[in-house]
Amino acid sequence: MALGEAGRRRVPVFVTGRQARMFARRRGWRLAASEVGTLELVRVERWLADPVRRRVPAGVVLETWNFFEDLARGLGEGRRLPRQGAVHNGAYEKLFAGECEDWTPDERCAVRELLTAGVELWESAS
């Protein structure tokens, strides 16, 4: 984490793995993993903007959901995500099984609410 204006914590963003490695090296850090992954946040944002006409793969939603939970914990901002209950658990289980097309209307709403809050958290931290 880095500090931004007014002491707010900021999350550094990298386009390539090389950029992340250089950032870490300059600070004397070692990355926990050598592989590079990308988060397809743009696809999730497009889906949130038009969930009826757009589709997003279950894996992309799962990775984004997990990322937002980790981000919230890492920033000490867990309160910024909705409190998760049974409806979230059901949606997550179906998502994990690749069956998000089987979400109930309540589960679909809960997922959109959580991801929308996550996007807002991300935008405030990046």
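The values are calculated or read from the model by the stated rules, or taken from the named source; none is laboratory data. These figures come from a predicted structure and were not determined experimentally. A quick note on method: Cβ atoms are made from the backbone with ideal geometry, for glycine too, and the neighbour counts reach across all protein chains shown. What goes into the accessible areas is simple: the full protein's heavy atoms, side chains included, and nothing from ligands, DNA or RNA. Shrake-Rupley method; radii C 1.70, N 1.55, O 1.52, S 1.80 Å.
Once phi is turned into θ = phi - 60°, what whole-Hz ³J(HN,Hα) does the Karplus curve with 6.51, -1.76 and 1.60 give for every residue of the range 73-89, x standing for Gly and Pro?
5, x, 8, x, 10, x, 5, 7, 9, x, 5, 8, x, 4, 5, 5, 4
Of the chain, which part is the longest with no chymotrypsin sites (Phe, Trp or Tyr not before Pro) in a loop (DSSP not H, G, I, E, B) and with at most 14 other C-beta atoms within 10 angstrom? Mind showing how you got there, number by number?
Values: sites that count: PHE14, TRP29.
Between the exposed loop sites, the longest stretch runs 30-126.
Explain nothing, just compute: Karplus ³J(HN,Hα) = 6.51 cos²θ - 1.76 cosθ + 1.60, θ = phi - 60°, for every residue of the range 113-126 in order, whole Hz, x for Gly and Pro.
Result, rounded to whole Hz: 5, 5, 5, 5, 4, x, 4, 4, 4, 4, 4, 6, 9, 10.
List, largest first, the extents of the alpha carbons of the chain along their principal axes, each in whole Å.
Principal extents (largest minus smallest coordinate, Cα): 48, 31, 24 Å.
Output ³J(HN,Hα) for the range 24-36: one whole-Hz value per residue in order, computed from phi by the Karplus curve 6.51 cos²θ - 1.76 cosθ + 1.60 with θ = phi - 60°, and x for Gly and Pro.
Rounded to whole hertz, the list is 5, 4, 4, 9, x, 9, 10, 6, 5, 9, 8, 6, 10.
Go through VAL42, VAL11 and list them by solvent-accessible area, largest first, probe radius 1.4 Å.
In descending accessible area the options line up as VAL42, VAL11.
Report the extension gain between LEU62 and GLN19 in nm, rounded to one decimal, defined as 0.36 nm multiplied by the number of residues separating them, less their alpha carbon distance.
13.0 nm
At most 14 other C-beta atoms within 10 Å and a DSSP loop state: those are the exposed trypsin sites (Lys or Arg not before Pro) I care about. Give me the longest piece of the chain that has none.
84-126
By how many nm would the segment from VAL119 to VAL36 lengthen if fully extended, with 0.36 nm per residue of separation less the alpha-carbon distance?
Contour length minus the Cα-Cα distance gives 27.8 nm.
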